[in-house]
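The values are calculated or read from the model by the stated rules, or taken from the named source; none is laboratory data. Predicted model, so just to flag it, every value in this text is computed and none were measured. Note that we place each Cβ from the backbone using ideal geometry, even for glycine, and neighbour counts take in every protein chain shown. For accessibility, only protein heavy atoms count, side chains too; no ligands or nucleic acids. Shrake-Rupley method; radii C 1.70, N 1.55, O 1.52, S 1.80 Å.
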Amino acid sequence: MIYPIVAYGDPVLKKEAEDITPQDYPNLKELVEDMYTTMYHAHGVGLAAPQIGKSIRLFVIDSEPMMDDEDEGKGVKKAFINAEIIEEDGEEWGFEEGCLSIPGVRETVYRPERIVIRYQDEEWNEHTDTYDGMTARVIQHEYDHIEGILFTDHLNGLKKRLIKNKLTKISKGEVDADYKMKFPAADKRR
(Lines give C-alpha, C1' and ligand atoms only; values in the text may rest on other atoms or scores of the structure.)
Protein backbone atom coordinates (compact mmCIF):
# COMPACT_ATOMS: atom_id res chain seq x y z
CA MET A 1 0.00 0.00 0.00
CA ILE A 2 1.24 3.47 -0.85
CA TYR A 3 0.33 6.13 1.71
CA PRO A 4 -0.09 9.81 0.84
CA ILE A 5 2.76 11.90 2.27
CA VAL A 6 1.62 14.45 4.85
CA ALA A 7 2.59 17.96 3.73
CA TYR A 8 4.22 20.76 5.68
CA GLY A 9 1.75 22.50 7.98
CA ASP A 10 0.01 19.37 9.29
CA PRO A 11 0.19 19.32 13.12
CA VAL A 12 1.27 15.65 13.14
CA LEU A 13 4.67 16.77 11.79
CA LYS A 14 5.29 19.05 14.79
CA LYS A 15 4.21 16.59 17.48
CA GLU A 16 6.59 14.36 19.43
CA ALA A 17 5.68 10.79 18.46
CA GLU A 18 4.72 8.03 20.91
CA ASP A 19 6.55 4.77 21.62
CA ILE A 20 4.77 1.64 20.42
CA THR A 21 4.51 -1.95 21.65
CA PRO A 22 3.88 -5.28 19.87
CA GLN A 23 0.31 -5.12 21.21
CA ASP A 24 -0.20 -1.72 19.56
CA TYR A 25 1.04 -2.92 16.18
CA PRO A 26 0.59 -6.67 15.62
CA ASN A 27 0.92 -5.99 11.86
CA LEU A 28 4.12 -3.96 12.25
CA LYS A 29 6.00 -5.79 9.46
CA GLU A 30 3.22 -4.93 7.01
CA LEU A 31 3.32 -1.26 8.04
CA VAL A 32 7.12 -1.22 7.63
CA GLU A 33 6.84 -2.75 4.15
CA ASP A 34 4.15 -0.19 3.22
CA MET A 35 6.46 2.59 4.43
CA TYR A 36 9.31 1.30 2.25
CA THR A 37 6.92 1.05 -0.72
CA THR A 38 5.72 4.63 -0.08
CA MET A 39 9.29 5.91 0.35
CA TYR A 40 10.56 4.29 -2.86
CA HIS A 41 7.50 5.44 -4.79
CA ALA A 42 8.31 9.03 -3.77
CA HIS A 43 12.05 8.55 -4.50
CA GLY A 44 13.00 9.12 -0.87
CA VAL A 45 15.82 7.71 1.25
CA GLY A 46 13.90 7.89 4.52
CA LEU A 47 10.34 8.07 5.76
CA ALA A 48 9.02 8.58 9.28
CA ALA A 49 5.58 7.46 10.46
CA PRO A 50 4.43 11.06 11.14
CA GLN A 51 4.89 11.68 7.39
CA ILE A 52 2.10 9.18 6.73
CA GLY A 53 -0.07 10.64 9.50
CA LYS A 54 0.91 8.23 12.30
CA SER A 55 2.38 9.86 15.41
CA ILE A 56 4.47 6.84 16.40
CA ARG A 57 8.22 6.37 16.86
CA LEU A 58 8.93 4.48 13.65
CA PHE A 59 11.02 5.37 10.62
CA VAL A 60 12.64 3.54 7.74
CA ILE A 61 15.76 4.44 5.79
CA ASP A 62 17.70 3.23 2.77
CA SER A 63 20.85 5.34 2.53
CA GLU A 64 22.32 3.42 -0.45
CA PRO A 65 21.22 6.03 -3.06
CA MET A 66 23.12 8.68 -1.05
CA MET A 67 26.45 6.83 -1.19
CA ASP A 68 29.12 8.13 -3.54
CA ASP A 69 31.21 5.85 -5.76
CA GLU A 70 33.80 4.86 -3.16
CA ASP A 71 31.10 4.10 -0.55
CA GLU A 72 28.86 2.16 -2.96
CA GLY A 73 27.37 -0.89 -1.27
CA LYS A 74 27.80 0.61 2.19
CA GLY A 75 24.33 2.06 2.52
CA VAL A 76 21.93 0.89 5.21
CA LYS A 77 18.34 -0.26 4.73
CA LYS A 78 16.67 -0.55 8.12
CA ALA A 79 13.58 0.15 10.19
CA PHE A 80 13.99 1.94 13.53
CA ILE A 81 11.30 1.49 16.19
CA ASN A 82 11.17 3.47 19.47
CA ALA A 83 14.54 4.97 18.55
CA GLU A 84 16.59 7.18 20.83
CA ILE A 85 19.80 8.89 19.77
CA ILE A 86 22.01 8.51 22.84
CA GLU A 87 25.13 10.22 21.52
CA GLU A 88 26.12 12.60 18.73
CA ASP A 89 29.72 13.59 18.14
CA GLY A 90 32.28 14.56 15.53
CA GLU A 91 32.57 17.61 13.34
CA GLU A 92 29.30 19.20 12.22
CA TRP A 93 29.10 19.21 8.43
CA GLY A 94 26.70 20.83 6.04
CA PHE A 95 24.68 19.08 3.37
CA GLU A 96 21.71 20.23 1.31
CA GLU A 97 18.67 18.37 2.66
CA GLY A 98 15.16 18.03 1.34
CA CYS A 99 12.05 16.30 2.66
CA LEU A 100 9.16 14.42 1.10
CA SER A 101 6.78 16.52 3.25
CA ILE A 102 8.34 19.73 1.92
CA PRO A 103 8.73 19.14 -1.85
CA GLY A 104 10.80 21.59 -3.85
CA VAL A 105 12.62 23.05 -0.84
CA ARG A 106 16.27 22.19 -0.20
CA GLU A 107 18.57 23.91 2.27
CA THR A 108 21.95 23.25 3.87
CA VAL A 109 21.67 21.71 7.35
CA TYR A 110 24.62 21.10 9.68
CA ARG A 111 24.67 17.88 11.68
CA PRO A 112 27.27 15.96 13.72
CA GLU A 113 29.07 13.30 11.67
CA ARG A 114 28.52 10.38 14.07
CA ILE A 115 25.64 9.05 16.17
CA VAL A 116 24.91 6.23 18.57
CA ILE A 117 21.29 5.13 18.46
CA ARG A 118 19.27 2.64 20.49
CA TYR A 119 16.20 1.16 18.76
CA GLN A 120 14.14 -1.94 18.17
CA ASP A 121 13.83 -3.80 14.88
CA GLU A 122 10.67 -5.30 13.33
CA GLU A 123 11.13 -8.39 15.54
CA TRP A 124 11.17 -6.10 18.63
CA ASN A 125 14.84 -6.93 19.30
CA GLU A 126 16.79 -4.06 20.87
CA HIS A 127 19.99 -2.76 19.24
CA THR A 128 22.53 -0.05 19.96
CA ASP A 129 24.50 0.88 16.83
CA THR A 130 26.91 3.57 15.70
CA TYR A 131 26.55 5.25 12.31
CA ASP A 132 28.53 7.98 10.60
CA GLY A 133 28.58 10.04 7.45
CA MET A 134 25.61 10.03 5.11
CA THR A 135 23.79 7.17 6.87
CA ALA A 136 24.03 9.07 10.18
CA ARG A 137 22.60 12.16 8.44
CA VAL A 138 19.64 10.25 6.99
CA ILE A 139 18.93 8.74 10.42
CA GLN A 140 19.19 12.15 12.14
CA HIS A 141 16.77 13.68 9.62
CA GLU A 142 14.20 10.91 10.14
CA TYR A 143 14.78 10.88 13.90
CA ASP A 144 13.96 14.60 13.93
CA HIS A 145 10.56 13.71 12.44
CA ILE A 146 9.64 11.49 15.41
CA GLU A 147 10.73 14.34 17.70
CA GLY A 148 8.42 16.81 15.89
CA ILE A 149 11.31 18.62 14.21
CA LEU A 150 11.60 19.43 10.49
CA PHE A 151 14.85 20.20 8.68
CA THR A 152 13.59 23.76 8.20
CA ASP A 153 13.66 24.16 12.00
CA HIS A 154 17.48 23.97 11.79
CA LEU A 155 17.68 27.04 9.53
CA ASN A 156 18.55 30.54 10.68
CA GLY A 157 15.93 33.29 10.77
CA LEU A 158 16.87 34.78 7.40
CA LYS A 159 16.69 31.43 5.58
CA LYS A 160 13.31 30.72 7.24
CA ARG A 161 11.94 34.07 6.05
CA LEU A 162 13.22 33.43 2.51
CA ILE A 163 11.31 30.13 2.23
CA LYS A 164 8.19 31.17 4.19
CA ASN A 165 6.06 31.73 1.06
CA LYS A 166 7.08 28.37 -0.41
CA LEU A 167 6.12 26.62 2.85
CA THR A 168 2.74 28.38 2.93
CA LYS A 169 2.04 27.30 -0.66
CA ILE A 170 2.98 23.69 0.19
CA SER A 171 0.56 23.63 3.13
CA LYS A 172 -2.21 24.87 0.79
CA GLY A 173 -1.46 22.20 -1.78
CA GLU A 174 0.04 24.63 -4.28
CA VAL A 175 2.99 22.40 -5.16
CA ASP A 176 3.91 19.85 -7.78
CA ALA A 177 4.96 16.50 -6.39
CA ASP A 178 5.14 13.29 -8.38
CA TYR A 179 3.62 11.35 -5.47
CA LYS A 180 0.33 11.53 -3.60
CA MET A 181 0.21 14.06 -0.77
CA LYS A 182 -2.19 15.09 1.98
CA PHE A 183 -2.41 18.86 2.50
CA PRO A 184 -3.61 20.37 5.81
CA ALA A 185 -5.02 23.61 4.39
CA ALA A 186 -6.81 21.75 1.59
CA ASP A 187 -8.44 19.47 4.18
CA LYS A 188 -9.82 22.49 6.07
CA ARG A 189 -11.65 23.75 2.98
CA ARG A 190 -13.74 20.60 2.70
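Between rounded, prolate and oblate, where does region 80-155 land on the alpha carbon gyration tensor, with a ≥ b ≥ c its root eigenvalues, rounded for a/c under 1.5, else prolate if a/b exceeds b/c? Mind dumping the intermediate values first?
Numbers: a/c = 2.42, a/b = 1.44, b/c = 1.68.
Cα axes put region 80-155 in the oblate bin.
To the nearest 10 square angstrom, how much accessible area does Y40 have with a 1.4 angstrom probe?
The accessible area comes out at roughly 90 Å².
Pull out the extension gain between D69 and D24, defined as 0.36 nm times the separation in residues minus the alpha carbon to alpha carbon distance; nm, one decimal.
Values: separation 45, 0.36 × 45 = 16.20 nm, distance 4.11 nm.
Here the answer is 12.1 nm.
Tell me, how many Å apart are the Cα centres for region 10-81 and for region 92-160?
Each part reduced to its Cα centre gives a spacing of 12 Å.
Could you work out the relative contact order of the chain, using alpha carbon pairs under 8 angstrom and six or more residues apart, expressed as a whole percent? Could you put the intermediate results ahead of the total?
Values: 370 pairs, mean separation 52.6, N = 190.
Over the chain, the number comes to 28 percent.
When a/c is below 1.5 the answer is rounded, else prolate if a/b is larger than b/c, else oblate, so apply that to region 1-159 with a ≥ b ≥ c taken from the square roots of the Cα gyration tensor eigenvalues. Before the final figure, lay out each step's value.
Details: a/c = 1.40, a/b = 1.17, b/c = 1.20.
Rounded is the answer for region 1-159, as its axis ratio a/c remains below 1.5.
In the chain, once you exclude exposed GluC sites (Glu not before Pro) (DSSP loop, at most 13 other Cβ within 10 angstrom), what's the longest stretch remaining? Working shown, then result.
Details: sites that count: E16, E72, E123, E174.
The segment 17-71 is the longest one with no such site.
Does region 44-116 come out rounded, prolate or oblate by the C-alpha gyration tensor, with a ≥ b ≥ c the root eigenvalues, rounded set by a/c under 1.5 and, if not, prolate when a/b is larger than b/c and oblate if not? Don't jump to the answer; show the numbers that get you there.
Numbers: a/c = 1.33, a/b = 1.20, b/c = 1.11.
Since a/c stays below 1.5, the shape of region 44-116 is classed as rounded.
Ignoring ligands, DNA and RNA, please state the percent of accessible area on region 21-145 from carbon and sulfur, probe 1.4 Å.
Values: 2360 of 5690 Å².
For region 21-145, the apolar C and S fraction of the accessible surface comes to 41 percent.
Heavy-atom accessible area per residue, region 12-60, 1.4 Å probe: how many Å²? List each step's numbers first, then the result.
Values: 2170 Å² over 49 residues.
Normalised by residue count, the accessible surface of region 12-60 is 44 Å².
Count the net charge of all other residues whose Cβ sits under 13 Å from the Cβ of A17, scoring Lys and Arg as +1 and Asp and Glu as -1.
Values: positive: K14, K15, K54, R57; negative: E16, E18, D19, D24, E84, E142, D144, E147.
Local net charge: -4.
Is there a pair in K29/K74; K15/K78; K14/K160; K14/K54 whose C-alpha atoms are over 20 Å apart, and which pairs would that be? Don't skip to the answer; put the middle values down first.
Numbers: K29/K74 24 Å; K15/K78 23 Å; K14/K160 16 Å; K14/K54 12 Å.
The answer is K29/K74; K15/K78.
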